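Here the structure comes first, spelled out in structure tokens, and everything after it is commentary.
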Amino acid sequence: MKIGTLCRIVHSCPTLCRNTSLLQHRCFQPDFVPRDPKAKPRIYKYPAFYDPYGPRPPPSDKIVQLAEKIASLPPEERIQIGPALRDKVMHPMLQHISVEGMDLGSQVGARAGSSKAEEKKAEKTTFDVKLEKFDAGAKLKVIKEIRSFTDLGLKEAKDLVEKVPVILKQQVMQDEANSIIEKIKAVGGVAVME
């Protein structure tokens, strides 16, 4: 705080130095009353769920009769109620919102959802390599081959091979997955890419 401003405050309120210190001066709250330090805090009771409109009174008989009349109209006339009412009460016309390019998830039809699923399948860049089966005589060779492209020890690789079918490696690129499948096939095992 600049000294000039401080001097102006002191000269404008001669009783300031007598009642409060300079740091406690409240320029914008002349009627400020501090809270009683011994008072208990207020406890507010919150509702179980938030309803911004609060409890609503039941509709009047007039509104119920009007709703029954509208419900009894044929569909062609019910369609005309909205525009006629908007013109009568002079509400502005609602603007349509473009949803082009937005992901609407489950709101769009099943056909659009299936095309999106096909796109996702085509876009898949990482794959999992799964060991389906192997020859009983080639078990040792398969274990050695698995150890060559994973960082597993002998016991872990053996346990993995005994749990066939099992995923050997996850999230690998397509060319790496193909090379792993070829290596497993060369030693007598069958691996697939998922």
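The values are calculated or read from the model by the stated rules, or taken from the named source; none is laboratory data. Source: prediction; values computed, not measured. With ideal geometry, Cβ positions are generated from the backbone for all residues, glycine too; neighbour counts draw on all protein chains shown. Accessible surface areas use protein heavy atoms only, side chains included; no ligands, DNA or RNA. Shrake-Rupley method; radii C 1.70, N 1.55, O 1.52, S 1.80 Å.
When Rg and Dmax are taken over the Cα atoms of the stretch 36-102, they come to 22.5, 69 Å.
Most tightly packed first, judged by the mean number of other beta-carbon atoms within 10 Å of their residues, the peptides 79-87, 159-167 read 159-167, 79-87.
Once the piece of chain linking residue 132 and residue 69 is laid out straight, how much longer is it, given 0.36 nm per residue of separation minus the C-alpha distance between them?
Between residue 132 and residue 69, full extension yields 15.9 nm more.
Which entries of 124/185; 163/185; 130/185 show an alpha-carbon separation above 20 angstrom in the structure shown? From the list (124/185; 163/185; 130/185), the Cα-Cα distance tops 20 Å for 124/185.
Accessible area ranking (1.4 Å probe, heavy atoms, ligands and nucleic acids excluded), largest first, for 76, 145, 176, 100: 100, 76, 176, 145.
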